[in-house]
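Asker: What follows is a structure written as structure tokens; I'll ask about it next.
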Amino acid sequence: IAVKSLSPGRVELLLSLPVRRWQLLIGTFLGVGVIALAGTSFAVGGFSCVLFWKAGYFTAAPLWGALGAVVGFLVVYSAMLLATTVARSAALASGVGVVVYLMSMIADDREEVRSWFTAGWGRDVAGWVIAPLPKLRTLGSVARDVAVGDALDPALLVPAALAAAAFAAACLIGAILQIERKDW
């Protein structure tokens with residue numbers, strides 16, 4: 001739920017609608033996902049159509065790359081949505097999005113990151129911090145490879161996509177639990 005939609009007066013309006021709070025939250029998430037998918041598809045599709053028309057060759061590969069970008073965005077957005085339900089702060093939500101994105105890039109090299117720490121509790125804590133984070137760089141690499149016409153590698157795509165879906169679902173469940181216990 002956008003911070004603006006939680007401003008005084010708007011909260012009461014949203015809560016007076018004949019839908020439950022979790023439905024508003026999931027509807028907001030899905031709405032943002034549809035808008036992101038449509039915008040990315042139109043931008044990439046339109047640009048690709050111009051290039052393909054000039055080259056006389058068409059492939060849907062760039063649209064698959066755009067889909068990978070939207071999935072990565074939705075993972076970050078789910079964490080931002082959770083932060084928004086905890087504290088109604090656009091700055092905090094943006095900061096959480098940046099941190100999740102950067103930490104997800106680092107999470108691709110889990111073993112290397114753990115090797116930066118000496119054996120013991122520091123290494124264990126580093127492992128616990130990055131364990132739940134999805135591998136967005138791997139997801140982006142697979143999307144990029146498909147976009148340039150390489151073969152899809154299910155061994156890379158499936159674990160990265162499942163981790164991204166699990167992380168987004170966990171953030172959404174956390175946001176639902178948080179918004180359901182709020183008393184506005």
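Asker: Of 142, 44, 71, which has the largest mean-square fluctuation in a 10 Å C-alpha GNM of the chain?
Answerer: 44
Asker: Work out the length of the dipole vector of the chain about its Cα centre, built from +1 on the beta-carbon of each Lys and Arg and -1 on the beta-carbon of each Asp and Glu, and round it to the nearest 20 debye.
Answerer: Dipole about the Cα centre, nearest 20: 520 debye.
Asker: Label-point separation (nm) for residue 180 and residue 98, each offset 7 Å from Cα along Cα-to-Cβ?
Answerer: Reported label-point gap for residue 180 and residue 98 is 3.3 nm.
Asker: On to the next question. So who's got an amide H within less than 5 Å of the one on residue 135, skipping anything under 5 residues away but keeping other chains? H placed 1.01 Å off N, in plane.
Answerer: Sorted by chain and number, the residues that satisfy this are 164.
Asker: What are the DSSP H helices in the chain that stretch 18 Å or more along their long axis, judged by alpha-carbon atoms, and whose average Kyte-Doolittle hydropathy comes to at least 1.0?
Answerer: Numbers: long enough: 21-55 (50 Å, 1.33); 61-86 (39 Å, 1.79); 90-107 (25 Å, 2.01); 154-181 (40 Å, 1.67).
In the chain, the long hydrophobic H runs are 21-55, 61-86, 90-107, 154-181.
Asker: Could you check the simple spin-label distance between residue 20 and residue 35, using points 7 Å along Cα→Cβ, in nm with one decimal?
Answerer: Placing both labels 7 Å along Cα→Cβ, they lie 2.5 nm apart.
Asker: By its C-alpha gyration tensor, with a ≥ b ≥ c as the square roots of the eigenvalues, how is the chain shaped: rounded for a/c under 1.5, else prolate for a/b larger than b/c, else oblate?
Answerer: oblate
Asker: Now a separate question. For segment 75-184, what is the relative contact order in percent, using Cα pairs closer than 8 Å and at least 6 residues apart in sequence?
Answerer: Relative CO of segment 75-184 lands at 34 percent.
Asker: Quick one: among 77, 101, 57, which has the greatest mean-square fluctuation in a GNM of the chain with alpha-carbon springs under 10 angstrom?
Answerer: Maximum fluctuation in the GNM of the chain, among the listed residues, is at 57.
Asker: Filter the trypsin sites (Lys or Arg not before Pro) in segment 116-184 to those in DSSP coil with at most 14 other Cβ atoms within 10 Å of their Cβ, and list the result.
Answerer: Those that pass, being in a loop and sparsely packed, are 182.
Asker: Sticking with this structure for a sec: If I build a Gaussian network model for the chain, linking alpha-carbon pairs within less than 10 angstrom, which residue out of 108, 145, 153 has the largest mean-square fluctuation?
Answerer: Of 108, 145, 153, the Gaussian network model singles out 153 as fluctuating most.
Here, each number is a calculation from the coordinates, and none is a lab measurement. Predicted model only: the values in this text are computed from it and were never measured. Ideal geometry is used to build each Cβ from the backbone, glycine not excepted, and the neighbour counts take in all protein chains shown.
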